[in-house]
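Values quoted throughout were computed directly from the atomic coordinates according to the rules given, and no laboratory measurement underlies them. This is a predicted model, so every value here is computed, not measured. FYI the Cβ positions are ideal-geometry reconstructions off the backbone, even for glycines, and counts take in every protein chain you see.
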Amino acid sequence: MRFFIILTFIFTMLANAGHYELGRGVKLDEKLRIGGYFSADYEVSNTRRRARLDDVAILAYGNLTNELSYLVEVEAAPYYQRDFRDGTQKYDRHFHRERLYLDYQYSEIANFRLGKQITPIGYWNLEPINVLRETSSNPMLSSKMFPKFLTGLDIYGYLPWFDSLTYHLFMQNNRDIDADYINIKNEHFFGLSLENEVSMDFQYGGSFGEFITEDRKRVRFAQLNAKYELSNLSIQAEVALDHGEDHSARVKGDKFAGYMQGHYRLSNEHAFVGRYEYFNDDATDVSNHIGIFGYSYRPMYPVSLKAEYQWNSDEQLNKFLTSFSVLF
Amino acid sequence: MKRTFILCIILLVQLSAAKYGVVVTSHTSKVSTPTLRQLKDIFLMKRHYVGDTKVLPINMLLSSDLRQKFEQNVLKVNRDKLNSYWIKQHFQGISPPMTQASSRSVKLFIKNVEGAIGYLPLELVDDDVRVLYEF
């Protein structure tokens with residue numbers, strides 16, 4: 001019910017907005033722009049046949065002064081899901097605080113973001129929502145290697161004397177604002193990311209840092225990323241290595257995850273995508289090679305229809321996935 | 001025949017070197033001259049300072065020919081890519097630069113707001129503005 005009230009509210013606003021373009025939100029004032037997104041997906045595998053209304057999210061942001069801006073995002077996921085194989089249903093109508101921060105633009109080389117924010121690591125983590133991705137699924141790297149969110153401080157900017165080199169120095173020494181809604185619960189997280197944007201078509205970077213998980217496991221991580229666009233073809237790759245040890249430093253375990261994804265646009269609307277990924281976890285003795293081939297249709301950029309097939313080295317995990325998502 | 005060919009080549013070279021507009025700031029502005037790279041980042045809302053000065057980019061309306069030339073020659077990005085870029089930025093909480101309806105209103109804005117940077121056709125350049133880049 002709450003979802004439909006929110007949708008009605010948003011569509012009323014859209015209807016009354018002077019000029020509205022899908023995917024750009026509604027600007028009510030310099031201090032307030034409202035938007036959101038949702039996605040629905042359908043998965044068929046050996047173990048399940050599942051439909052979900054997955055992300056349902058509302059975001060608001062704006063400039064409070066020349067230097068100070070904010071962003072608030074609440075999300076429910078999965079909002080509703082049903083497994084047709086065993087007949088089970090699941091709801092999560094609770095809207096979690098996904099992002100909540102203030103941004104202070106102080107200078108070219110030092111700016112400050114305080115609050116709950118997306119961890120500034122790599123590419124996938126920064127554009128994690130279905131509609132901005134080229135596949136319905138996420139690589140394992142995006143959920144297994146470092147906390148997706150940071151509740152703390154990020155100092156960022158351009159490095160002096162470098163036109164194209166940016167940095168993020170981020171730190172957290174407290175619980176997450178909404179600890180039930182994070183992939184790796186932690187109370188200590190810091191790191192440094194560097195990104196060299198050689199051009200809009202070629203970028204590369206890397207990160208390293210440390211976090212301590214809820215069960216007192218200290219994990220040090222290092223990560224590298226690169227992307228390249230050549231007319232209709234774009235290639236993106238990321239690798240990450242975790243080295244973890246427990247409180248006594250006796251139990252150790254390394255994790256590795258990496259993926260390479262190619263995306264070929266036949267036109268603005270139609271594209272094919274292929275991805276190879278590998279994940280290995282010494283502690284749980286899990287190792288998986290995953291291959292994905294998919295098709296993406298965007299009648300307009302903020303509306304995405306996708307279908308893909310996933311081959312896993314464990315055949316039980318093979319699956320077909322399709323999704324529909326909109327950013328508004 | 002040879003002379004006509006040479007004339008055509010000269011004409012083509014001149015046409016290719018033709019300037020459409022200039023990126024300007026106020027004559028009294030403290031903004032130092034940005035590099036082309038910095039200029040591009042300013043209009044893509046990635047960079048908000050040049051040196052110690054806060055900058056505020058101003059765009060023309062989407063339908064403007066000058067804006068199209070600016071996107072081609074300074075941003076060097078086509079409209080489709082730019083459109084997807086701004087949609088991705090919406091998710092990051094970043095809006096495109098504010099727009100003004102005419103070159104004269106861009107000029108007036110630049111004149112009155114410290115740190116404002118915009119682009120004008122060549123014929124509107126006078127002592128009120130300082131040229132940062134020609135395109």
Of everything in the range A:71-80 that's surrounded by 19 or more Cβ atoms within 10 Å (Cβ to Cβ) and in a strand (DSSP E or B), which residue is farthest from the other protein chains (Cβ to nearest Cβ)? A:A76
Pick from the range A:136-147 the residues that are buried (at least 21 other Cβ atoms within 10 Å of the Cβ) and of a type in the set (G, A, S): which of them is nearest to the other protein chains (Cβ to nearest Cβ)? A:S142
Scan the range A:81-104 residue by residue and report those that are out of contact with any Pro (no Cβ under 9 Å at 6 or more places or on another chain) and in a loop (DSSP other than H, G, I, E, B). A:F84, A:R85, A:D86, A:G87, A:T88, A:R93, A:H94, A:F95
Could you count how many residues in the range A:186-211 are within 14 Å of another protein chain (Cβ to nearest Cβ) and in contact (Cβ under 8 Å) with a residue 24 or more places away in the chain? 8
The lone condition A:E277 fails out of (1) closer than 30 Å to B:L82 by Cβ; (2) crowded, with 21+ Cβ neighbours inside 10 Å is (1)
Restricting the range B:68-84 to residues that are touching a residue at least 40 places away in the same chain (Cβ under 8 Å) and either crowded, with 17+ Cβ neighbours inside 10 Å or touching a Gly at 6+ places or on another chain (Cβ under 8 Å) (or both), the residue that is nearest to the other protein chains (Cβ to nearest Cβ): B:V74
Taking the condition surrounded by 19 or more Cβ atoms within 10 Å (Cβ to Cβ), within 14 Å of another protein chain (Cβ to nearest Cβ) and farther than 17 Å from A:N130 by Cβ, does A:L64 pass? no
Test result for B:D41, without any contact (Cβ under 8 Å) to a residue 12 or more places away in the chain and either of a type in the set (F, W, Y) or touching a strand residue (DSSP E or B) at 6+ places or on another chain (Cβ under 9 Å) (or both): yes
Does at least one position in the range A:18-34 carry a residue that is away from chain B (no Cβ under 14 Å) and either under 23 Å from the mean Cα position of the chain (by Cα) or surrounded by fewer than 18 Cβ atoms within 10 Å (Cβ to Cβ) (or both)? no
State which residue is nearest to A:E43 (Cα to Cα) when the search covers only the range A:105-135 and only residues that are within 11 Å of another protein chain (Cβ to nearest Cβ) and in a strand (DSSP E or B). A:I118
Take the range B:99-112 and flag every residue that is in contact with a strand residue (DSSP E or B) (Cβ under 6 Å, 6 or more places away or on another chain) and within 14 Å of another protein chain (Cβ to nearest Cβ). B:T99
Could you list, in sequence order, all residues of the range A:162-187 that are buried (at least 18 other Cβ atoms within 10 Å of the Cβ) and closer than 18 Å to A:R220 by Cβ? A:H168, A:F170, A:Q172, A:I184, A:N186
Against the definition (out of contact with any helix residue (DSSP H, G or I) (no Cβ under 8 Å at 6 or more places or on another chain), within 11 Å of another protein chain (Cβ to nearest Cβ) and over 30 Å from A:L159 (Cβ atoms)), how does B:L62 come out, yes or no? yes
How many of the residues making up the range B:32-48 are facing another protein chain (nearest Cβ under 9 Å) and outside any loop (DSSP other than H, G, I, E, B)? 4
Give B:G93, B:G115 a once-over and let me know the one that is over 29 Å from A:L126 (Cα atoms), within 12 Å of another protein chain (Cβ to nearest Cβ) and crowded, with 18+ Cβ neighbours inside 10 Å. B:G115
